[in-house]
Amino acid sequence: MRRRLAAAQGQLFQIDTDHAQVTASKPAEDGAGLILRLRETGGRRGSARVASPVFPLASAALANGVEDILKPLAVKAGAVKAPLAP
């Protein structure tokens, strides 16, 4: 299924906190999925609910900078809760 963003507006990812931002997205090096890079910007621990109106989430995992999977993350109602650390 192909979807298009409106020319004047749109977002690929929704994030529910004011102290994090999506800094990059790219295909995974192993070809199995999409890598989403988050940056904590407020200097505090917490979590961020991340969803996408364009990319449906079927599964998610926390990974390190070289894409080694550290632990699976639960997907609920099309969103994942990602841990944040300063």
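Bear in mind these aren't lab numbers, they're just calculated from the coordinates by the rules spelled out. This one's a predicted model, so the numbers in the text were calculated from it and none came from an experiment. Because the Cβ atoms are built from the backbone with ideal geometry, glycine has one as well, and the counts that use them run over all protein chains shown.
Residues of the stretch 15-28 that are in a strand (DSSP E or B) and surrounded by 15 or more Cβ atoms within 10 Å (Cβ to Cβ): 15, 20, 22.
Hey, any hits in the stretch 29-47 for a residue that's assigned to a strand (DSSP E or B), surrounded by fewer than 12 Cβ atoms within 10 Å (Cβ to Cβ) and within 12 Å of the chain's Cα centre (by Cα)? Scanning the stretch 29-47, I find at least one residue that is assigned to a strand (DSSP E or B), surrounded by fewer than 12 Cβ atoms within 10 Å (Cβ to Cβ) and within 12 Å of the chain's Cα centre (by Cα), so the answer is yes.
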